[in-house]
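See structure below.
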Amino acid sequence: MDDRTFRQAMGQFATGVTIVTTEYEKNVHGMTANAFMSVSLNPKLIAVSVDHRAKMLRKMIEAQTFAVNILTERQKELSMLFAGQIKLEKTPTFARLHGVPIIEDSLVSVVCRLFSKKVAGDHTIFIGEVIDIKTRKGEPLLFYSGNYYRLSSSMEVSP
């Protein structure tokens, strides 16, 4: 199968949208990612996958700390900014949690210290040990088949 077929098939899995943030050489850096998941409850671990071509890769390795910020439906523009799809006139502002930069007003910010990393094909999977979490109320920004979506309704499925 070719790369396009693989990408299209994987795009059929609806995900939330995150921005991974870190601080390196006194500058805040971020990238949009949807390859994110929880890994373990004890210890509390999460995973995020970073393309080897991403500038963020080296910064996360050097910093040894990072945050995964789950975006709200109102943060599509931020997602596009950190994905390199648009430019904004004003620079985003960041809050801090345990000294790690986080996206203000995100639905959830998960602050981690680097637990381990594993090269997997053309990506590195970063396993983060969760230091702290900040949550707020809101609805998530979703990504499916190359487009952004928001939740429209809840549906219960009978067994």
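Hey, can you tell me all the residues within the range 119-156 that are in a strand (DSSP E or B) and exposed (fewer than 12 other Cβ atoms within 10 Å of the Cβ)?
Once the filter is applied, which keeps residues that are in a strand (DSSP E or B) and exposed (fewer than 12 other Cβ atoms within 10 Å of the Cβ), the range 119-156 yields 119, 120, 135, 147.
Any idea how many residues of the range 61-75 are out of contact with any Lys or Arg (no Cβ under 8 Å at 6 or more places or on another chain) and under 12 Å from residue 126 (Cα atoms)?
Residues in the range 61-75 being out of contact with any Lys or Arg (no Cβ under 8 Å at 6 or more places or on another chain) and under 12 Å from residue 126 (Cα atoms): 3 in total.
If a residue must be under 12 Å from residue 68 (Cβ atoms) and either aromatic (Phe, Trp, Tyr) or assigned to a loop (DSSP other than H, G, I, E, B) (or both), how many such residues does the range 93-111 contain?
Summing the residues that are under 12 Å from residue 68 (Cβ atoms) and either aromatic (Phe, Trp, Tyr) or assigned to a loop (DSSP other than H, G, I, E, B) (or both) in the range 93-111 gives 2.
Please determine, by comparing only the residues of the range 82-102 that are under 15 Å from residue 34 (Cβ atoms) and surrounded by 12 or more Cβ atoms within 10 Å (Cβ to Cβ), which one is modelled with the highest pLDDT. Full working, then the answer.
First, the residues of the range 82-102 that are under 15 Å from residue 34 (Cβ atoms): 82-85.
Those still in the list that are surrounded by 12 or more Cβ atoms within 10 Å (Cβ to Cβ) too: 82-83.
Details: 82: 93, 83: 90.
Applying the filter and picking the extreme gives 82.
Can you give me the number of residues within the range 23-64 that are under 14 Å from the mean Cα position of the chain (by Cα) and under 20 Å from residue 108 (Cβ atoms)?
17
One residue is enough: does the range 1-14 have a residue meeting the conditions crowded, with 19+ Cβ neighbours inside 10 Å and either assigned to a strand (DSSP E or B) or not polar (S, T, N, Q) (or both)?
No - not one qualifying residue is present in the range 1-14.
For every residue, the table says whether it meets (1) touching a helix residue (DSSP H, G or I) at 6+ places or on another chain (Cβ under 8 Å); (2) closer than 18 Å to residue 123 by Cα.
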{"position": "40", "(1), (2)": "no, no"}
{"position": "48", "(1), (2)": "no, yes"}
{"position": "55", "(1), (2)": "no, yes"}
{"position": "59", "(1), (2)": "no, yes"}
{"position": "77", "(1), (2)": "no, no"}
{"position": "86", "(1), (2)": "yes, no"}
{"position": "91", "(1), (2)": "no, no"}
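The values are calculated or read from the model by the stated rules, or taken from the named source; none is laboratory data. Source: prediction; values computed, not measured. Ideal geometry is used to build each Cβ from the backbone, glycine not excepted, and the neighbour counts take in all protein chains shown.
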